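To start, the structure itself, in structure tokens.
The values are calculated or read from the model by the stated rules, or taken from the named source; none is laboratory data. Predicted model only: the values in this text are computed from it and were never measured. Every residue, glycine as well, gets a Cβ built from its backbone with ideal geometry; the counts of neighbours run over all protein chains shown.
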Amino acid sequence: MYEFHQKVLFKHCDPAGIVFFPRYYEMVNDCVEAFFADVLDWPFEAMHGAGAVPTRAIDTEFLAPSRHGDALVLEMRITALGRTSCGYGIVARCAGQTRFTHRATLVNVDAAGRPNAWPARVAATLEQVKDPT
């Protein structure tokens, strides 16, 4: 499991003082980008230009609101691995309470946007960290 810590900032909140739901997707993307850099040693700035990892599918449940100042922990797991894609799940918690769950599939694509096999070292690491359940 990979952990990404995110303090809820003023910029994340709507006038009611809770996280505006599209901002959660920015947090998720920040978590994924950090995972690629920290775990896969394949940062987005090195990947982009020659390819990308766009989202093919996404499913999110918002279970409780988050407020300005909350300290979220996004727990990310790789749940599936294919030749050109991977599934992942994120559970975001704060003070023991689940705030949202998120599942998505990423596809590795080349510069033309066509599915492309994971680089061998990236595939090996993804397989290594994949959740066995």
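Remarks
A quick yes/no check of all residues on (1) more than 20 Å from Y2 (Cβ to Cβ); (2) surrounded by 13 or more Cβ atoms within 10 Å (Cβ to Cβ); (3) without any contact (Cβ under 8 Å) to a residue 60 or more places away in the chain; (4) not aromatic (F, W, Y):
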{"site": "F36", "(1), (2), (3), (4)": "no, yes, yes, no"}
{"site": "L40", "(1), (2), (3), (4)": "no, yes, no, yes"}
{"site": "P43", "(1), (2), (3), (4)": "no, yes, yes, yes"}
{"site": "G69", "(1), (2), (3), (4)": "yes, no, no, yes"}
{"site": "M76", "(1), (2), (3), (4)": "no, yes, no, yes"}
{"site": "T84", "(1), (2), (3), (4)": "yes, yes, yes, yes"}
{"site": "V122", "(1), (2), (3), (4)": "no, yes, no, yes"}
{"site": "E127", "(1), (2), (3), (4)": "no, no, yes, yes"}
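- Where a residue in the stretch 1-18 is under 23 Å from L126 (Cα atoms) and at pLDDT below 95 and its partner, wherever it lies, is surrounded by 12 or more Cβ atoms within 10 Å (Cβ to Cβ) and not polar (S, T, N, Q), with Cβ under 9 Å and at least six apart: M1/E75; M1/M76; M1/R77; M1/V129; M1/D131
- Subset of the stretch 98-114 that is more than 19 Å from the chain's Cα centre (by Cα) and not acidic (D, E) - its residue that is surrounded by the fewest Cβ atoms within 10 Å (Cβ to Cβ): A112
- Unmet criterion (only one of (1) touching a Lys or Arg at 6+ places or on another chain (Cβ under 6 Å); (2) in contact (Cβ under 8 Å) with a residue 40 or more places away in the chain; (3) among the hydrophobic types (A, V, I, L, M, F, W, C)) for F62: (1)
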